[in-house]
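Down below is the structure, laid out as structure tokens.
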Amino acid sequence: MTDKQYNQLMQKVDKELQEYKDFMLTKDKKEIYEEFYAIHAHEDIHNFLENEGQKFDYKGFPKTEILSWLYRRFMKTEYELTCEDLGYFIEYETEDYKKQQKNQGME
């Protein structure tokens, strides 16, 4: 990924994380407590992309709702919120996304 693409990705991801935080803060304390893992996962995925995101192909990410997309997909796996697992997970998901986009273009 180029520096320009990385900056675009991080602008989207930063904005999405801030919107997610703002939304979570509209909930009452009990709801926030119950959503701890989701909050933690969103922040860990964001931080991983901030530190390692440039390693991945920009075309492997959807144009919008990147964190939400990664979180939903992550929750369907057995991966842990570790740097190693997030690396494997995001590498697989971005490659899979590119394949899906290519196949949809062929229809």
Going through segment 69-87 one residue at a time, which ones are loosely packed, with under 14 Cβ neighbours inside 10 Å, in a helix (DSSP H, G or I) and of a type outside the set (Asp, Glu)?
72, 83
So which of 33, 88, 92, 58 is hydroxyl-bearing (Ser, Thr, Tyr), out of contact with any Pro (no Cβ under 8 Å at 6 or more places or on another chain) and farther than 19 Å from residue 1 by Cβ?
33
Anything in segment 88-102 that is open to solvent by less than 40 Å² (accessible area, probe 1.4 Å) and either closer than 15 Å to residue 42 by Cα or polar (S, T, N, Q) (or both)? List them, or say none.
89, 90, 94
Within segment 20-58, count every residue that is within 22 Å of residue 75 (Cβ to Cβ) and within 14 Å of the chain's Cα centre (by Cα).
18
What do you reckon, is residue 7 open to solvent by 80 Å² or more (accessible area, probe 1.4 Å), within 18 Å of residue 93 (Cα to Cα), modelled with pLDDT of 95 or more and assigned to a helix (DSSP H, G or I)?
no
Within segment 25-59, considering residues that are in a helix (DSSP H, G or I) and over 24 Å from residue 83 (Cβ atoms), the one least open to solvent (accessible area, probe 1.4 Å):
32
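The values are calculated or read from the model by the stated rules, or taken from the named source; none is laboratory data. Since the structure is predicted, the reported quantities are computational estimates derived from the model, not experimental observations. Cβ: placed from backbone, ideal geometry, glycine included. Neighbour counts: every protein chain shown. What goes into the accessible areas is simple: the full protein's heavy atoms, side chains included, and nothing from ligands, DNA or RNA. Shrake-Rupley method; radii C 1.70, N 1.55, O 1.52, S 1.80 Å.
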